[in-house]
Amino acid sequence: MRARQLVILNIVIIIVVVALAGFGYWYFYNQNQYVTENDAAVTVNAQNVIAPANGKLTKWTVSDGTSVSAGDVIGVEQLPTGQTVNITTPIGGQVLKSNAVANEVVPQGDLLAVVANLNDEYIVANLKETEVRHVAVGDTVDIYLDAYPGTTFSGTVTRIGSESAAETSPYPSAQSSGNFQKEVQRIPVYISLDGKQGKYIVPNMNARVRIHRTND
């Protein structure tokens, strides 16, 4: 019986050692082949529609999700002088946000709507500054969206940001002891979204990226 227990124990030890070795190889391989980042999201270059002057919106024809073409008249504003001004869209695409309603008074510069072309969506991944040296423009990227688990989208690194993506000051913050707290900064990396595979993808969807390393 004791001999049998020893055999079982040895088998278990061998299995554990093989599993650990396999995991170690997998981890080492991924660390040397890819840069992976979870701090990423779908982004698009949006254009604002602004009230050209103080006045009253006598007409407003769009709402969230409305499709528009560049130059479409989506509203009419009546100025205090009685003159009317057409409000047009700067680009074609989709209204992401409509803040206006007909017959309201708006001040000059008021944000009436936000328009974007969803065909031009891309990914912004905020990489740790220690990882950026492993990334170069042209690198292939695997993109995973939380909204579509199990689906892998393809992309390419198109640009690497020239400054930190931190919302606070990039300089070290002073502590009461007189020491400085050094924080790892993040650099925005811009990645094309090469095809949507028929999926409905909108700005701000969470993403994870795996960049194929070619630059060391």
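Given the options 197, 108, name the one that is of a type outside the set (Phe, Trp, Tyr), surrounded by fewer than 15 Cβ atoms within 10 Å (Cβ to Cβ), modelled with pLDDT of 90 or more and over 30 Å from residue 85 (Cβ atoms).
On the way: 108 fails: over 30 Å from residue 85 (Cβ atoms).
Only one candidate qualifies: 197.
Across the stretch 51-62, what is the number of residues that are small (Gly, Ala, Ser) and part of a strand (DSSP E or B)?
Start the filter on the stretch 51-62 by keeping residues that are small (Gly, Ala, Ser), which leaves 51, 53, 55.
Right, trim to part of a strand (DSSP E or B) and you get 55.
Residues in the stretch 51-62 being small (Gly, Ala, Ser) and part of a strand (DSSP E or B): 1 in total.
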Hits in the stretch 50-64 (condition: in contact with a Ser or Thr (Cβ under 8 Å, 6 or more places away or on another chain) and within 15 Å of residue 107 (Cα to Cα)): 58
Count of the stretch 186-215 residues which are over 14 Å from residue 157 (Cα atoms) and either of a type in the set (Val, Ile, Thr) or not assigned by TED's automatic domain parsing to the domain that holds residue 156 (or both): 2
Matching option when the condition is in contact (Cβ under 8 Å) with a residue 40 or more places away in the chain, surrounded by 14 or more Cβ atoms within 10 Å (Cβ to Cβ) and either touching an Asp or Glu at 6+ places or on another chain (Cβ under 8 Å) or more than 30 Å from residue 157 (Cβ to Cβ) (or both), among 62, 85: 62
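Filter the stretch 73-82 down to residues that are crowded, with 19+ Cβ neighbours inside 10 Å and not β-branched (Val, Ile, Thr), then give me how many there are. Quick ask: steps written out before the conclusion?
Within the stretch 73-82, the subset crowded, with 19+ Cβ neighbours inside 10 Å is 74-75, 77.
Then keep just the ones that are not β-branched (Val, Ile, Thr); that gives 75, 77.
Number of matching residues: 2.
Restrict the check to the stretch 165-175 and report whether at least one residue is modelled with pLDDT of 90 or more, surrounded by 14 or more Cβ atoms within 10 Å (Cβ to Cβ), under 19 Å from the mean Cα position of the chain (by Cα) and under 25 Å from residue 201 (Cβ atoms).
So the first thing to find is which residues in the stretch 165-175 are modelled with pLDDT of 90 or more, and the list is none.
Checked the stretch 165-175: no residue is modelled with pLDDT of 90 or more, surrounded by 14 or more Cβ atoms within 10 Å (Cβ to Cβ), under 19 Å from the mean Cα position of the chain (by Cα) and under 25 Å from residue 201 (Cβ atoms).
The values are calculated or read from the model by the stated rules, or taken from the named source; none is laboratory data. Keep in mind that this is a model prediction, so the values were computed, not measured. Heads up, the Cβs are rebuilt from the backbone with ideal geometry, glycines too, and the neighbour counts pull from every protein chain shown.
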